[in-house]
1. Filter region 35-52 for residues that are surrounded by fewer than 22 Cβ atoms within 10 Å (Cβ to Cβ) and in contact with a strand residue (DSSP E or B) (Cβ under 6 Å, 6 or more places away or on another chain) and give the result.
2. Which condition does residue 78 not pass, out of (1) without any contact (Cβ under 8 Å) to a residue 60 or more places away in the chain; (2) within 24 Å of the chain's Cα centre (by Cα); (3) not in a helix (DSSP H, G or I), if it passes all the others?
3. Does residue 198 fit the bill of being over 19 Å from residue 328 (Cβ atoms) and crowded, with 19+ Cβ neighbours inside 10 Å?
4. Only one residue in 90, 119 is assigned to a helix (DSSP H, G or I), in the same structural domain as residue 18 (by TED's automatic domain parsing) and more than 22 Å from residue 259 (Cβ to Cβ). Which one?
5. For region 94-112, name all the residues that are at pLDDT 95 or above, part of a loop (DSSP other than H, G, I, E, B) and more than 20 Å from residue 222 (Cα to Cα).
6. Residues being assigned to a strand (DSSP E or B) and more than 23 Å from residue 111 (Cα to Cα): count how many of those fall in region 162-202.
7. Does residue 135 qualify as being buried (at least 21 other Cβ atoms within 10 Å of the Cβ) and not assigned by TED's automatic domain parsing to the domain that holds residue 269?
8. Could you check region 291-334 and list, in sequence order, the residues that are surrounded by 14 or more Cβ atoms within 10 Å (Cβ to Cβ) and free of Cβ contacts under 8 Å to residues at least 24 places away in the same chain?
């Protein structure tokens with residue numbers, strides 16, 4: 001466990017990962033400050049957390065609200081490009097004992113040459129700019145660590161979800177199709193393995209490294225140890241939605257990408273590859289970490305929340321059309 005009572009700054013604080021981490025930090029007695037733009041969110045900041053409002057992309061605003069402040073650890077949840085982290089290095093050099101950058105497990109070698117994936121697995125993703133930018137961010141930060149002792153720690157989550165996030169390719173649209181008895185588009189042959197981590201589980205490990213000097217200069221994968229074939233992920237959602245047996249139609253990821261390049265970038269750069277992660281390194285620093293929420297429970301939580309929030313049950317007309325087109329193509333002439 002990290003030092004109870006540490007002074008923490010979260011840049012963000014209301015996202016899928018950061019909101020759960022904020023709750024965990026408060027639960028453990030840390031003194032938490034959140035810096036964001038004050039934009040409303042479906043996730044609330046816990047009571048007792050200090051909130052500072054500023055646009056993190058505006059250096060003048062950030063300097064003003066943080067004037068004279070220092071923190072044991074700063075966790076940056078909203079930096080995605082080298083420009084973002086270059087600004088963070090300038091803003092937080094000499095102001096914190098640890099700067100934690102949230103990278104992505106999609107940065108690991110695609111396709112992976114071996115499983116399980118370790119922190120030593122090469123970083124290379126020729127398919128997805130999001131991942132390429134995260135790799136470039138890491139390179140800049142570790143260079144700042146080597147040359148200027150900037151106290152970086154890198155965390156690489158994979159697919160992390162809460163009750164608001166549907167893991168399926170079409171989101172709620174796929175559950176809608178299941179309930180309407182329509183066939184559902186699944187990338188590949190449905191057998192590639194995927195790891196889904198509940199954000200409450202992720203937060204246990206993440207908060208456990210904050211304020212830990214031995215984590216500086218290191219990178220950590222944080223995921224569940226459960227991995228499932230994609231067909232099983234779809235069936236767990238179907239069961240949670242009250243559908244006994246969905247009709248799953250498989251289409252090659254490359255074909256989906258050819259019809260929808262934006263969707264295809266994340267498919268070819270992440271979802272279409274089997275991923276199994278070795279969490280030994282994070283467990284060596286946070287020995288009580290265990291991801292205890294199986295995705296069968298997570299799927300039920302997600303569907304229940306959406307049924308209770310009809311405004312979130314959005315059916316995407318473009319994805320409906322894409323599904324119909326590719327499913328008809330896959331089935332061929334009758």
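1. From region 35-52, those surrounded by fewer than 22 Cβ atoms within 10 Å (Cβ to Cβ) are 37-52; that's our starting set.
Within region 35-52, 38, 45, 49, 50, 51, 52 qualify.
2. Against the list (1) without any contact (Cβ under 8 Å) to a residue 60 or more places away in the chain; (2) within 24 Å of the chain's Cα centre (by Cα); (3) not in a helix (DSSP H, G or I), residue 78 comes up short only on (1).
3. Considered against the rule, which asks whether it is over 19 Å from residue 328 (Cβ atoms) and crowded, with 19+ Cβ neighbours inside 10 Å, residue 198 comes out as yes.
4. Values: 119 fails: assigned to a helix (DSSP H, G or I).
Every option except 90 fails the conditions.
5. 97
6. First, pick out the residues of region 162-202 that are assigned to a strand (DSSP E or B): 184-187, 193-194, 196-198.
Those left that are additionally more than 23 Å from residue 111 (Cα to Cα): 184, 198.
The total comes to 2.
7. No; evaluated as a whole, the condition is false for this residue.
8. 307, 324
The values are calculated or read from the model by the stated rules, or taken from the named source; none is laboratory data. For clarity, every value in this text was computed on a predicted model and none was experimentally measured. Counting neighbours? That spans all protein chains shown, and the Cβs are built from the backbone with ideal geometry, glycine included.
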